[in-house]
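Student: Structure below; questions to follow.
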Amino acid sequence: MFISCQSIPLDSIKLSTDWNLHPWEFGVIPKDLQKSFALNGVIHPPLAIADSDKTFVIVSGARRIEFIRRSIGASQIDCMVIDKDAPPSFILNLVLADQSSAFELSLAEKARFIEIASRLLKKEEVAATFLGKLQLKKGRSTIPNLLDILRQDGKIIKEIHAGRIQERMVSEILSLPEEADRLALVQLFINLGMGNSKQKRFFNLIRDIAFRNGSSISSFLQKKEITEILDHKDMNIPQKIHHLGSLLQHEINPTSSLAEVAFAKQVNSLNLPENHSISHSPSFEKNDITLSITFKNFADCEQYLSQQKKAFIN
């Protein structure tokens, strides 16, 4: 066996990011994890690897060690100690099992794991052994795309790690050649708290308008009419999103936007009952319109249809 449980002095442990899956948060204990430690203590022993007879390097569990140092004041800690001659694949499997035991790894953490594994194993072995365990597609571009995440600005990495940039949006953002454009879009998503569908919609609109105008995305988002919306003191977030969306939609398709305004005026002039609404065909491709009626329940709907049938018969 290459591992054993040992009680070792805290001051003999070297804190290192060599094996750490979230080095962008190294030394930080998130509030929810801090509460868990305070309530339940450290349930799982940290993993350390023997560096010599008297020193050890942390492999997994730096936060656990930091909590014990800060809060308990103990001089010793029970660790699962890995032999210094252990094969890299053995250590990598331990790291993966330990880190994913409590939470599913974020996309950024998966990228970091692949980066560590790629330093120790051949690319083919990394793909064959770990892509499936990480629930990642086994394609040629998977590993290069993951490693590209770690080359981004720290703000982008942290947003991907936190899940605030939706996973299917990551490749779209990383496809932009200019870092300033990637940062500008990520900052917009952060400021407006956009979810997946809105991120996708606004990304496409902004990218297409900037490209058509021969402008960078970062420069386009600095235009006065946009910053006036984003910096408006009296608008809440949903209002800012609505006004920005209308502005972008008008920019991308002025004719459609004017038609939308005219259609809304026509609908308003009808003074429809509260539970009635009228919608047009997508992009006004047809002249068809749809009248919708919302009923409280099926019985109300049934009663309404019965009355309409009688009216038709008469």
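The values are calculated or read from the model by the stated rules, or taken from the named source; none is laboratory data. Please read these numbers as outputs of a predicted model, since none were measured by experiment. A quick note on method: Cβ atoms are made from the backbone with ideal geometry, for glycine too, and the neighbour counts reach across all protein chains shown. Keep in mind that these areas ignore ligands, DNA and RNA; they rest on the heavy atoms of the full protein, side chains included. Shrake-Rupley method; radii C 1.70, N 1.55, O 1.52, S 1.80 Å.
Student: Cross-link partners among lysines for residue 286, C-alpha distance below 20 Å, same-chain residues fewer than 8 apart left out?
Tutor: Reachable lysines: 265.
Student: Sticking with this structure for a sec: Between residue 52 and residue 5, take the C-beta separation as r, use R0 = 22 Å, and let me know the FRET efficiency to the nearest 0.05.
Tutor: With R0 = 22 Å, the Cβ-Cβ based efficiency is 0.70.
Student: Please figure out what share of the DSSP beta bridges in the chain is antiparallel and state it in percent, rounded to the nearest 5.
Tutor: The antiparallel fraction comes to roughly 75 percent.
Student: Give me the aspartates and glutamates in straight-line cross-link reach of residue 138: C-alpha distance below 14 Å, same-chain residues under 8 apart excluded.
Tutor: Counting by Cα, and skipping residues close in sequence, residue 138 has these aspartates and glutamates nearby: 124, 125.
Student: While we're looking at this one, here's another question. Below 8 Å between Cα atoms, with a sequence gap of 6+, how large is the relative contact order for the range 204-307 in percent?
Tutor: Relative contact order, the range 204-307: 16 percent.
Student: Cut-off 10 angstrom, C-alpha nodes, Gaussian network model of the chain. Which of 130, 37, 202 fluctuates the most?
Tutor: Looking only at 130, 37, 202, the biggest GNM fluctuation is shown by 37.
Student: When the helix-only estimate is applied to the chain (DSSP H runs of n ≥ 4, each -39,500 (n - 2.57), divided by the residue count), what is the mean residue ellipticity at 222 nm, nearest 500 deg cm²/dmol?
Tutor: -16000 deg cm²/dmol
Student: Let me ask something else about it. Sort the following peptides by mean Cβ neighbour count (other Cβ atoms within 10 Å, averaged over residues), highest first: 115-123, 18-26.
Tutor: 18-26, 115-123
Student: Ranked from highest to lowest mean number of other Cβ atoms within 10 Å per residue, what is the order of the peptides 230-236, 218-224, 108-114, 134-140?
Tutor: Ranked from most to least packed, the peptides come out as 108-114, 218-224, 134-140, 230-236.
Student: At a threshold of 8 angstrom on Cα-Cα distance, excluding pairs fewer than six apart, so keeping six or more, what relative contact order does the range 137-223 reach in percent?
Tutor: 25 percent
Student: When the Cα centres of the range 4-53 and the range 168-239 are compared, how far apart do they sit, in Å?
Tutor: Computed from Cα coordinates, the inter-centre distance equals 38 Å.
Student: To the nearest 10 square angstrom, what accessible area does residue 106 show with a 1.4 Å probe?
Tutor: The accessible area of residue 106 comes to roughly 20 Å².
Student: Over the chain, what is the relative contact order in percent, taking alpha-carbon pairs closer than 8 angstrom and at least six residues apart?
Tutor: 11 percent.
Student: Report, in listed order, any pair from 31/158; 110/155; 137/158 with a Cα-Cα distance greater than 19 Å.
Tutor: 137/158
Student: Mind checking the full-extension length gain between residue 302 and residue 252? Use 0.36 nm per residue of separation minus the Cα-Cα distance, one decimal, nm.
Tutor: My answer for the length gained is 13.7 nm.
Student: Kindly write out, for the range 45-59 in residue order, the coupling ³J(HN,Hα) from the Karplus curve 6.51 cos²θ - 1.76 cosθ + 1.60 (θ = phi - 60°), rounded to whole Hz, with x marking Gly and Pro.
Tutor: After applying 6.51 cos²θ - 1.76 cosθ + 1.60, I find x, x, 9, 9, 10, 5, 8, 7, 5, 10, 10, 9, 10, 5, 9 Hz.
Student: Ranked by accessible surface with a 1.4 Å probe, highest first, in what order do 142, 290, 129 come?
Tutor: Most to least solvent-accessible, the answer reads 290, 129, 142.
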